[in-house]
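Enquirer: My questions will all concern the structure given below.
The values are calculated or read from the model by the stated rules, or taken from the named source; none is laboratory data. None of these values were measured; they are calculated from a predicted model. All Cβ positions, even for glycine, are placed from backbone atoms using ideal geometry, and neighbour counts span all protein chains on display. Just so you know, the surface numbers come from the protein's heavy atoms only, side chains and all, with ligands and any DNA or RNA stripped out. Shrake-Rupley method; radii C 1.70, N 1.55, O 1.52, S 1.80 Å.
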Amino acid sequence: MLPQAGVELSTILKNMKHIIIITGAGKGIGKAIAIDFARAAETQNNFNPVLILVSRTLSDLEAVATKCRSYGADADIVQADIADTAQIDKLVSSTLERHGTIDCLVNNAGVGRFKPLTELTEEDFDYTISTNLKGTFFLTQKVFPVMEKNKSGHIFFITSVAAEIAFKSSSIYSMSKFGQKGLVEAMRLYAKTCNVRITNVMPGAVYTPMWGDVPKEMKATMMMPEDISGPLVNAYLLPQRTSVEELVFRPVCGDINE
Ligand SMILES: NC(=O)c1ccc[n+]([C@@H]2O[C@H](COP(=O)([O-])OP(=O)(O)OC[C@H]3O[C@@H](n4cnc5c(N)ncnc54)[C@H](OP(=O)(O)O)[C@@H]3O)[C@@H](O)[C@H]2O)c1
């Protein structure tokens, strides 16, 4: 955006909003990302995030939005299932109608069904692939042209260490995460020609609702969502000339489900 004549640059920077879509913002890692972006509104000069919080559960989003607003960030709630392309279209068009642009997309929403090979069903397959691959692809496809036109933007993909290493109980999940990594690499080819940053975030085991109940001893070895969200927000806040291409996180004891 070019400064208008007669308007102080400091005023423009102060008023400049960062429109940030975060999928899966109701729980776990996505919730921590939303809260850390909101906290940055309090601590960083001239950083005014508008957080578009997306998931299927309204009550989760309302709680996260309240917390984000308490730090002075703007937060919109969009109840949507990214496995449904019509809902993706509505999410993107309503964001553009309301805010005019999109500066950052955090592709975080993801699901996993963890079972031995022979117990996985067609429903497990469709459920996992439709969110992790179909949803991530079509949302990225819809948002990228906005950034391409702006010659600015940042897309984060929360993939996993399971995008590079397979685990026995994670065959479909790993397929989806290896697939997401393919999309990350394809997007880099488009993004580098138009000043858009792409970051592949690859966590190992993080204690979130995705894991259900875990034994106390196991929880003690796992990472926490804020261990991932803090560095992600810092990567966004770096000058646009610098792209953090990958963030890899592991519990200090290594992968815990190998
Ligand atoms: N936790 C880990 O150890 C770990 C490690 C590596 C990578 N990851 C990845 O990190 C991401 C977040 O995982 P998490 O552990 O934070 O999971 P989580 O606690 O289960 O939270 C997932 C969030 O995504 C939302 N979501 C799921 N499917 C969705 C859909 N189709 N449309 C819209 N929202 C959807 C969920 O809300 P609703 O169900 O209400 O929609 C929830 O808010 C995932 O991509 C996961 O694969 C996690």
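Enquirer: Whole percent per 5 Å bin, from 0 to the bin with the longest distance: what is P(r) over all C-alpha pairs of the chain?
Expert: In order of increasing distance, the bins hold 1, 6, 13, 17, 20, 18, 12, 7, 3, 1, 1, 0, 0, 0 percent.
Enquirer: By how many degrees, 0 to 90 and rounded to 10, does the Cα axis of helix 58-70 deviate from the longest principal axis of the chain?
Expert: Tilt of helix 58-70: around 50 degrees.
Enquirer: Still on this structure: Would you mind estimating how fast segment 106-258 diffuses translationally, via Stokes-Einstein at 37 °C and 0.692 mPa s with the Kirkwood radius over Cα pairs, in µm²/s?
Expert: Values: Rh = 16.4 Å.
It comes out at roughly 201 µm²/s.
Enquirer: Quick check on the chain: helices-only [θ] at 222 nm, where DSSP H runs of length 4 and up contribute -39,500 (n - 2.57) each and the sum goes over total residues. Nearest 500, please.
Expert: Computed ellipticity for the chain at 222 nm equals -13500 deg cm²/dmol.
Enquirer: Determine the per residue accessible area of the chain with all protein chains present and a 1.4 angstrom probe, expressed in square angstrom.
Expert: Spelled out: the 1.4 Å probe surface of the chain, per residue, equals 50 Å².
Enquirer: If R₀ is 41 angstrom, what is the calculated FRET efficiency for the pair LYS216 and THR242, using the beta carbon separation as r and rounding to 0.05?
Expert: Using R0 = 41 Å, I get an efficiency of 0.50.
Enquirer: Let me ask another. Report GLU123's accessible area, 1.4 Å probe, all protein chains in place, as a number in Å² to the nearest 10.
Expert: Its accessible surface works out to 100 Å², give or take rounding.
Enquirer: Working from Cα positions, state the angle (0 to 90°, nearest 10) between the long axis of helix 28-43 and the longest principal axis of the chain.
Expert: So the inclination is approximately 30 degrees.
Enquirer: In segment 213-258, which trypsin sites (Lys or Arg not before Pro) fall in coil by DSSP and have 14 or fewer other Cβ atoms within 10 Å?
Expert: Sparse-neighbourhood loop trypsin sites (Lys or Arg not before Pro): ARG241.
Enquirer: A further question on this structure: For segment 139-191, which whole percent of the accessible surface, found with a 1.4 angstrom probe, sits on carbon and sulfur atoms? Show your work: numbers first, answer last.
Expert: On the way: 1320 of 2180 Å².
For segment 139-191, the apolar C and S fraction of the accessible surface comes to 60 percent.
Enquirer: Which residue, THR118, THR128, THR208, has the most motion in a Gaussian network model of the chain that connects Cα atoms within less than 10 Å?
Expert: Between THR118, THR128, THR208, it is THR118 that shows the largest mean-square fluctuation.
Enquirer: Around VAL50, which amide H atoms from residues at least 5 apart in sequence, or from another chain, sit under 5 Å from its own amide H, with H modelled in the peptide plane?
Expert: Correct list: HIS18, ILE19, ILE20.
Enquirer: Now for a separate question. Kirkwood-based Rg over Rh for segment 96-170 (C-alpha set), two decimals?
Expert: Radius of gyration over Kirkwood radius for segment 96-170 works out to 1.10.
Enquirer: In addition: Collect residues whose amide H, placed 1.01 Å from N in the peptide plane, falls under 5 Å from the amide H of GLY204; neighbours closer than 5 in sequence don't count.
Expert: When sequence neighbours closer than 5 places are left aside, the close amide H contacts are VAL161, PHE249, ARG250.
Enquirer: If the reach is capped at under 16 angstrom between alpha carbons, list the lysines near LYS67, excluding any in the same chain fewer than eight residues apart.
Expert: Within reach: LYS27, LYS31.
Enquirer: On to the next question. Please determine, in degrees from 0 to 90 and to the nearest 10, the orientation of helix 225-237 with respect to the longest principal axis defined by the Cα atoms of the chain, where the helix direction is its Cα long axis.
Expert: The helix 225-237 is inclined about 30 degrees to the chain.
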